[in-house]
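To keep things clear, I will list the structure first and then write my remarks on it.
The values are calculated or read from the model by the stated rules, or taken from the named source; none is laboratory data. This one's a predicted model, so the numbers in the text were calculated from it and none came from an experiment. Counting neighbours? That spans all protein chains shown, and the Cβs are built from the backbone with ideal geometry, glycine included.
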């Protein structure tokens, strides 16, 4: 299968290994990185591209740029959209409902979504959606066996408006516990800091999906103490409370479990080790790239329009 894979050239998270894995599993895959300006004008970018030469065209581009160019995107055949931010469709914010609105205009396209419950919700709305979770870069991140001199830590952004609840929770926790909240450069500095943290506090309140940093922390040997995103999500990922992760739904619950971790010899180390094994087996970019490739290769819906009860109905390809 010949595939054209378009990704963002500039982004905060380094996903090169993810892209390499997807391309390797697909075989005949042409990877292109688009600048912000190129993403702004996809019609111009595609001017000299023979779209019919590809059996699949994958977009992993900025959503805010895609939605401004939907009329052109409707002309692209065999479209697959890889999306890590569709959880914003169901939480308060500027993109609430926007993903559904966009996909309604592209009902023949396949979406590969990183949240299990988000995938189920989008499928219930009639979209063609496959679930492949987030993960981590196995070549960069790992447990270096260093002394963990930070008991409680969080690395990441809290300034963005979308992270308001994350910031509030971390600030409230920091008033009661010795919590280190900081940011680092991507790459080795980030990995080194994760390897200093004994318990990583995940604080993605209300997202309904676990962000990449949760998997990264587990891969580096941290015990993941994270906001509970719900039974469906946990079951889909294999997250087991007090077995390979520690889940909480309030600061009071978090602090109660901290007491247990501090007073039960070997418990924290056992949970951290089980979490590390889980992500190493299932959530490396190498493993997930293969799952994306399988989802890309599944038959697509035919781009054939019929009228049904006042709505456009798109039949499935065989």
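Looking only at region 18-55, count how many residues are surrounded by 12 or more Cβ atoms within 10 Å (Cβ to Cβ) and modelled with pLDDT under 95.
The qualifying residues number 0.
I'd like to check something: does region 87-98 contain any residue that is touching a residue at least 60 places away in the same chain (Cβ under 8 Å), assigned by TED's automatic domain parsing to the domain that holds residue 14 and touching a strand residue (DSSP E or B) at 6+ places or on another chain (Cβ under 9 Å)?
Scanning region 87-98, I find at least one residue that is touching a residue at least 60 places away in the same chain (Cβ under 8 Å), assigned by TED's automatic domain parsing to the domain that holds residue 14 and touching a strand residue (DSSP E or B) at 6+ places or on another chain (Cβ under 9 Å), so the answer is yes.
Considering only residues of region 259-271 that are free of Cβ contacts under 8 Å to residues at least 60 places away in the same chain and part of a helix (DSSP H, G or I), which is farthest from the chain's Cα centre (by Cα)? Walk me through how you get there before you give the answer.
Step one: filter region 259-271 for residues free of Cβ contacts under 8 Å to residues at least 60 places away in the same chain, giving 259-260, 262-267, 269-271.
If we keep only those that are part of a helix (DSSP H, G or I) too, we end up with 259-260, 262-263, 267, 269-271.
Details: 259: 31, 260: 31, 262: 31, 263: 34, 267: 29, 269: 26, 270: 26, 271: 23 Å.
Taking the candidates together, the pick is 263.
Quick test for you: out of 17, 68, 37, pick the one residue that is in a helix (DSSP H, G or I) and out of contact with any helix residue (DSSP H, G or I) (no Cβ under 9 Å at 6 or more places or on another chain). Give the steps one after another, and end with the answer.
Values: 17 fails: out of contact with any helix residue (DSSP H, G or I) (no Cβ under 9 Å at 6 or more places or on another chain); 68 fails: out of contact with any helix residue (DSSP H, G or I) (no Cβ under 9 Å at 6 or more places or on another chain).
The match here is 37.
Identify, from the list 290, 310, 317, the residue that is modelled with pLDDT under 95 and surrounded by 12 or more Cβ atoms within 10 Å (Cβ to Cβ). Even if it seems obvious, please write down each step before you answer.
Values: 290 fails: modelled with pLDDT under 95; 310 fails: surrounded by 12 or more Cβ atoms within 10 Å (Cβ to Cβ).
After ruling out the rest, the residue left standing is 317.
Quick check: is even one residue across region 158-165 under 21 Å from residue 239 (Cβ atoms) and either assigned by TED's automatic domain parsing to the domain that holds residue 97 or not in a loop (DSSP other than H, G, I, E, B) (or both)? Even if it seems obvious, please write down each step before you answer.
Going through region 158-165, the residues under 21 Å from residue 239 (Cβ atoms) turn out to be 165.
Going one step further and asking which of them are either assigned by TED's automatic domain parsing to the domain that holds residue 97 or not in a loop (DSSP other than H, G, I, E, B) (or both), we end up with 165.
Among the residues of region 158-165, at least one is under 21 Å from residue 239 (Cβ atoms) and either assigned by TED's automatic domain parsing to the domain that holds residue 97 or not in a loop (DSSP other than H, G, I, E, B) (or both), which makes the answer yes.
Here is a yes/no grid of residues against (1) part of a helix (DSSP H, G or I); (2) under 25 Å from residue 286 (Cα atoms); (3) not assigned by TED's automatic domain parsing to the domain that holds residue 16:
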position: 143; (1), (2), (3): no, yes, yes
position: 154; (1), (2), (3): no, no, yes
position: 198; (1), (2), (3): no, no, yes
position: 201; (1), (2), (3): no, no, yes
position: 236; (1), (2), (3): yes, yes, yes
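Looking at region 182-195 only, could you name the residues that are surrounded by 18 or more Cβ atoms within 10 Å (Cβ to Cβ) and not in a helix (DSSP H, G or I)?
Within region 182-195, the subset surrounded by 18 or more Cβ atoms within 10 Å (Cβ to Cβ) is 190-191, 193-195.
Across region 182-195, the qualifying residue is only 195.
Output the number of the condition that residue 111 fails; it satisfies all remaining conditions of (1) farther than 29 Å from residue 57 by Cα; (2) surrounded by 19 or more Cβ atoms within 10 Å (Cβ to Cβ).
Just one mismatch for residue 111, condition (1).
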